[in-house]
1. So for the chain, Kirkwood radius off the Cα pairs, Stokes-Einstein at 4 °C and 1.567 mPa s: how many µm² s⁻¹?
2. Taking the Cβ of Gly237 as the center, what net charge do the other residues with Cβ under 13 Å away carry, scoring Lys and Arg +1 and Asp and Glu -1?
3. Under 17 Å from a label point 7 Å along Cα→Cβ of Ile332: give me every residue in segment 356-400 with its amide N that close.
4. For Leu240 paired with Glu27, estimate the spin-label separation in nm (one decimal), with each label point 7 Å from Cα along the Cα-to-Cβ line.
5. For Phe167 and Thr417, calculate 0.36 nm times their separation in residues minus their Cα-Cα distance, and state this gained length in nm to one decimal.
6. What is the distance, in nm, between label points placed 7 Å from the Cα along the Cα-to-Cβ direction at Ile100 and at Trp199?
7. When the dipole is taken about the Cα centre of the chain, and only Lys, Arg (+1) and Asp, Glu (-1) are charged at their Cβ, what size is it in debye, to the nearest 20?
8. Could you go through segment 326-339 in sequence order and give the Karplus-derived ³J(HN,Hα) for each residue, using 6.51 cos²θ - 1.76 cosθ + 1.60 with θ = phi - 60°, rounded to whole Hz, and x for Gly and Pro?
Amino acid sequence: MQLYTKILIGLVAGAVVGAAANLSGIEPFQNFLGALEPLGTAFINLITMIVVPLVVASLLVGTASLGDLRKLGRIGGKTLLFYMCTTAVAVSIGLGLSNIVKPGAGVAETTRNELAARYGGDAAARMDLAANAPSWVETLMSVIPRNPIQAAANMELLPLIFFTICFGAALTVIQADRRDAVLKFFEGVNETSMVLINWIMELAPYAVFVLIASVVGNFGFDLLQSLAVYTLVVVSGLLLHAFGTYALVLRFLAGLNPARFYKRIAAVPLLAFSTSSSNATLPLTIETAEEKLGVSNEVASFVLPLGATINMDGTALYQAVAVMFIAQIYGIPLDLADQMIIVMTATLASIGAAGVPSAGIITLIIVLNSVGLQGQVQAGIALILGVDRILDMLRTSVNVTGDLSCAAFVARTEGETLLPDVVPEPIPISAAD
Ligand code: ASP
């Protein structure tokens, strides 16, 4: 059985058991599911523990084997352009749908007040976190680590990526025998990490079951009703982006068959859905790109860690809808100029969000502030917090699908041949005639 089939079974079974516990209201059942949660956390820790060794080893080998720095610059340029453009498209989809459906227009005032009262405290805590968030200049400066070991220890991926690329580039100019010794070592670390991922992924179906059962077991289904239209708009936007934008990009810019691509990568968005973290999913994302799509290590090791850190189309789309929803609820009109600001700030805010659970709702505060909704931040966040976990799961799936689409796009434009079953079959001569 394929890995994604096993994960899917775990996911559906978890959702059914969780929903049964939640809706039946049987407390010991709910408590039992709650008690299982540490097993899910243990699994997330297991996959996260490979992130640092894998990113360093894989990126170092990748950069050093690129051979020339111009190629690195070209791949870097394409990657950043792809990430920025697709994120801007994602935000525009979110804005477009919010303008058409107007999800905030139908929310009754009583519901609004109830939600604000229920989640007000939590929202205040998020605001504190956002207040401590670094400024843009600080974020930019922090890309250069003063101590790469410390960056690795704190799992700050961007500085770690920066250091590793510099180190890999320098490695290409030293004496061949010394360079080879270093490369051999890191090639070994890379391969060992891959084996470890395969071992850990054997546990994935069970872990996914536990993670989903405990989330659904605690989920407030009543909230889903009051926030149904908002949730639906976000979900529709995410689906449109995942199966519309990426399919077009894959087909026309990379010459790939989107259906085959999705089938090959399915385990990755499923794991992202279950963990709500691009970072925790990263080892599987890299492994899938190389082994299931046939993307080279040079491209995968560069595009994917960067993507997990800065490319978040799902998050940006969700932020656009959330801002429009909050503005509509409070009857604050946002004109075209405001919406252009949202495109810019949501794109930047999603770059600044870390690939960890709930990061997007914290950077959402930046976007709310940018269009003058400072006064609505706390109450607004309180309104949407109840369904945030479920939307986080979905947007993370889109985030990692975007990373993989970019890896496939860059690999193809670098002249790489991907695995035959993601490349469209040639048209038979007779049919072409
Ligand atoms: N959980 C998301 C991720 O890891 C970030 C977010 O939108 O909260 O990609």
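Coordinate-derived values only; no laboratory data. What you see is a predicted model; the values in this text were computed from it and never measured. Cβ coordinates were reconstructed from backbone atoms using ideal geometry, including for glycine residues, and neighbour counts include every protein chain displayed.
1. Calculated translational D: 58 µm²/s.
2. Its environment carries a net charge of 0.
3. Hits in segment 356-400 for Ile332 at 17 Å: 362-385.
4. According to this spin-label approximation, the distance is 4.6 nm.
5. 87.2 nm
6. Here the answer is 5.0 nm between the modelled labels.
7. 340
8. Calculated HN-Hα couplings, in order: 5, 5, 5, 4, 8, x, 9, x, 10, 7, 4, 4, 4, 5 Hz.
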